[in-house]
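> Got a structure for you, questions after.
The values are calculated or read from the model by the stated rules, or taken from the named source; none is laboratory data. The shown structure was predicted, so the numbers you read here are calculated from the model rather than taken from an experiment. FYI the Cβ positions are ideal-geometry reconstructions off the backbone, even for glycines, and counts take in every protein chain you see. The accessibility values were calculated without ligands, DNA or RNA, using every heavy atom of the protein model including side chains. Shrake-Rupley method; radii C 1.70, N 1.55, O 1.52, S 1.80 Å.
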Amino acid sequence: MMGKVIFSLLLALPLVTLGTSSDKKCVLSGSWRNELGSNMTISAVNAEGGFSGSYLTAVTATNKRILVSPLKGSQNHKSQRKQPTFGFTVSWTFSNSVTVFVGQCFMDDNGEEILKTMWLLRQEVRSPGADWKATRVGTNVFTRIK
Ligand SMILES: *[C@@H]1O[C@H](CO)[C@@H](O)[C@H](O)[C@H]1NC(C)=O
């Protein structure tokens, strides 16, 4: 009898902890800022997983004046996963470059949403001979602007 009760408790425990810790989904839509101070806003994610938005970078390798630039992307399996993967392209309005980001939307240990991303920036170069220096790579971490 006692053994049965303890066994039932052991079964019930993981269900309780799962129920309390894994409810919140990471949602891509909204306003985000990264560790450099760049800001971006992402629209609602549509039925196909598509989204659009705008990106205001805090840094540039050019000497042009920074302007808001559009972004377009897609999220994997819309709203089905708690921590979805995504990708988007920023087409810079003030230069001839594009940057593609890939990342994942996580719930961190404090229950806060965080976007971990990697990016490739393609710069325009004059000829195929200059192709070797045309791509930069980096990482960015975004947190939600409240
Ligand atoms: C991002 O937004 C904050 C205010 O919300 C502002 O202080 C900051 O300058 C913005 N970053 C850029 C690159 O404009």
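> Looking only at segment 97-146, count how many residues are touching a Leu at 6+ places or on another chain (Cβ under 7 Å), under 17 Å from residue 74 (Cα atoms) and either in a loop (DSSP other than H, G, I, E, B) or open to solvent by 60 Å² or more (accessible area, probe 1.4 Å) (or both).
Going through segment 97-146 one residue at a time, the tally reaches 1.
> Of the conditions (1) away from the ligand (no atom under 16 Å from the Cβ); (2) farther than 19 Å from residue 123 by Cα; (3) touching a strand residue (DSSP E or B) at 6+ places or on another chain (Cβ under 8 Å), residue 77 satisfies every one except a single condition; which number is it?
The single condition residue 77 does not satisfy is (3).
> Now a separate question. Given the residues 94, 88, which is the only one that is in contact (Cβ under 8 Å) with a residue 12 or more places away in the chain, surrounded by fewer than 17 Cβ atoms within 10 Å (Cβ to Cβ) and among the aromatic types (Phe, Trp, Tyr)?
Answer to the check: 94.
So that you can scan it fast, the table gives a plain yes or no per residue for (1) within 15 Å of the ligand (Cβ to nearest atom); (2) closer than 19 Å to residue 143 by Cα; (3) of a type in the set (Ser, Thr, Tyr); (4) free of Cβ contacts under 8 Å to residues at least 12 places away in the same chain:
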position: 40; (1), (2), (3), (4): yes, yes, no, no
position: 46; (1), (2), (3), (4): no, no, no, no
position: 51; (1), (2), (3), (4): no, yes, no, no
position: 54; (1), (2), (3), (4): yes, yes, yes, no
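> Would you call residue 85 within 16 Å of the ligand (Cβ to nearest atom), out of contact with any helix residue (DSSP H, G or I) (no Cβ under 9 Å at 6 or more places or on another chain) and modelled with pLDDT of 95 or more?
On the way: within 16 Å of the ligand (Cβ to nearest atom): no; out of contact with any helix residue (DSSP H, G or I) (no Cβ under 9 Å at 6 or more places or on another chain): yes; modelled with pLDDT of 95 or more: yes.
Criteria not met by residue 85.
> Please give the number of the condition residue 57 fails out of (1) under 21 Å from residue 37 (Cα atoms); (2) touching a helix residue (DSSP H, G or I) at 6+ places or on another chain (Cβ under 7 Å).
So the condition that residue 57 fails would be (2).
> Of all residues being away from the ligand (no atom under 14 Å from the Cβ) and of a type in the set (Gly, Ala, Ser) in segment 56-74, which is surrounded by the fewest Cβ atoms within 10 Å (Cβ to Cβ)? Just the residue, please.
Among those that are away from the ligand (no atom under 14 Å from the Cβ) and of a type in the set (Gly, Ala, Ser), it is 61.
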